[in-house]
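Colleague: Pasting in a structure now, in structure tokens, and then I'll have a few things to ask.
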Amino acid sequence: MEELSQKQKTRLNKLQKRLRREMGSAIDDYKMIEEGDVVMVCLSGGKDSYTMLDILMNLQHRAPVNFKLVAVNLDQKQPEFPEHILPEYLKSVGVTYHILEKDTYSVVKEKIPEGKTTCSLCSRLRRGTLYGFAQKIGATKIALGHHRDDIIETLFLNMFYGGKMKAMPPKLLSDDGANVVIRPMAYSREKDIAEYAELKAFPIIPCNLCGSQENLKRKMVKEMLVSWDKQHPGRIETIFTAMQNVAPSQMVDREQFDFVSLKRDPDAKFEGSVAEADLPAFDFLDQANSGHVQLDKPRGEAIDIVQVYQP
């Protein structure tokens with residue numbers, strides 16, 4: 001690692017404090033890590049997982065609860081994968097680690113036709129292996145390196161291509177109930193993580209599967225969001241805030257809100273923006289008729305029916 005300039009050191013320190021604060025907030029908000037937890041930190045060799053491990057180790061010394069970290073990498077037997085890099089790095093930072101070997105690469109290449117995206121099958125195979133290993137080592141939480149941009153991209157991917165309003169939750173119980181998955185970097189921006197990883201000079205390992213695909217839908221969504229961020233600064237933050245403020249009664253999902261049972265209360269007092277005393281009198285109005293009614297009258301005057309339409 002080259003010696004950093006004073007300016008770079010200052011920037012690195014600022015980024016580390018920001019990422020640590022954001023991770024601490026996410027962990028606290030969703031109770032991701034509790035006393036005595038054994039957190040299995042999944043490492044791919046990319047910037048996100050390196051940063052996640054680094055900040056978690058930093059937090060471990062400051063957190064009000066005691067927890068253990070175990071780093072785990074799945075060697076999927078991709079061609080030319082540099083097997084020595086992760087073990088050497090993990091030994092240098094002094095963290096307990098395991099390297100799992102399973103040839104999921106060949107399975108993916110065999111099952112997915114040329115030109116089709118491999119992410120779905122690859123992630124399912126990887127997830128199954130890691131979930132099973134978490135049980136073997138007694139891990140109580142599984143930490144993944146997804147960040148805020150990943151969460152927002154997934155929201156739009158599901159909206160545009162899946163017809164669903166869902167994303168990546170910061171904390172998730174697996175379908176079988178056996179594992180709790182956490183995303184400690186849920187509040188952090190990818191651009192901050194990328195800059196931090198560059199300044200820390202993490203030994204990045206490129207992915208020969210998903211990293212080599214140019215026509216991914218996720219890539220197109222990412223480009224859309226990057227464009228929005230440049231043209232409308234703050235929009236990404238607003239989208240994420242909106243995801244934290246969902247109002248089911250203002251959506252159209254009948255499973256999330258009971259629209260069918262909604263009934264008006266005939267005894268309820270009107271609580272609109274206009275006080276009852278400010279409304280003009282309209283006792284005489286024949287409600288069987290429909291038409292154009294002039295409501296803009298001074299207080300106390302009767303309403304004029306400008307035009308009545310008879311069916």
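Colleague: Could you pull out the pairs from 9/47; 68/91; 17/166; 7/230 whose alpha carbons sit more than 28 Å apart here?
Modeller: Values: 9/47 19 Å; 68/91 16 Å; 17/166 30 Å; 7/230 25 Å.
Result: 17/166 exceed 28 Å.
Colleague: Tell me, what HN-Hα J-couplings in whole Hz come from the Karplus equation 6.51 cos²θ - 1.76 cosθ + 1.60 at θ = phi - 60° for each residue of segment 27-41, using x for Gly and Pro?
Modeller: Calculated HN-Hα couplings, in order: 4, 5, 4, 10, 6, 6, 10, 10, 3, x, 5, 10, 9, 8, 8 Hz.
Colleague: So, how do all the Cα-to-Cα distances of segment 39-102 break down into 10 Å bins, in percent, from 0 on up?
Modeller: Percent of pairs per bin, in order: 19, 55, 20, 5, 0.
Colleague: I've got another one for you. Sorted from fewest to most neighbouring beta carbons within 10 Å, what does the list 84, 147, 98 look like? The partial results should precede the final answer.
Modeller: Values: 84 8, 147 27, 98 14.
Going from sparsest to densest Cβ surroundings: 84, 98, 147.
Colleague: Select from segment 4-36 those GluC sites (Glu not before Pro) which occupy a DSSP coil region and have at most 13 other Cβ atoms within 10 Å, ordered by residue number.
Modeller: Working: sites: 22, 34, 35; in loops: 34, 35.
Sites meeting the loop and neighbour criteria: 34, 35.
Colleague: Taking H placed 1.01 Å from N in the peptide plane, check which residues at least 5 places from residue 43 or on another chain put their amide H under 5 Å from its amide H.
Modeller: For residue 43, the qualifying residues are 72, 73, 74.
Colleague: Cα-based Rg of segment 6-213 per 2.2 N^0.38 Å, rounded to two decimals? Before the final figure, lay out each step's value.
Modeller: On the way: Rg = 17.0 Å, N = 208, 2.2 N^0.38 = 16.7 Å.
Relative to the rule-of-thumb radius for its length, segment 6-213 sits at 1.02.
Colleague: Next up: Residue by residue, what Karplus-based ³J(HN,Hα) values in Hz, rounded to whole numbers, does segment 57-72 have, using 6.51, -1.76 and 1.60 with θ = phi - 60° and x for Gly and Pro?
Modeller: 3J(HN,Hα) across segment 57-72, in whole Hz: 5, 5, 5, 4, 7, 10, 5, x, 10, 8, 8, 9, 10, 10, 7, 9.
Colleague: Within 10 Å of each residue's Cβ, count the other Cβ atoms and sort 219, 230 from fewest upward. Don't jump to the answer; show the numbers that get you there.
Modeller: Working: 219 14, 230 9.
In increasing order of surrounding Cβ atoms, one gets 230, 219.
Colleague: Same structure, new question: Starting from the 7 Å offset along Cα-to-Cβ, what nm value, one decimal, do you get for the label separation of residue 92 and residue 68?
Modeller: For the pair residue 92/residue 68, the computed spacing is 2.6 nm.
Colleague: Just rank 30, 161, fewest to most, by other beta-carbon atoms within 10 angstrom. Display every interim value, and only then the final one.
Modeller: On the way: 30 15, 161 12.
Arranged by neighbour count, lowest to highest, 30, 161 become 161, 30.
Only the coordinates and a few stated rules stand behind these numbers; no lab work does. Model, not experiment: these values are computed from the prediction. With ideal geometry, Cβ positions are generated from the backbone for all residues, glycine too; neighbour counts draw on all protein chains shown.
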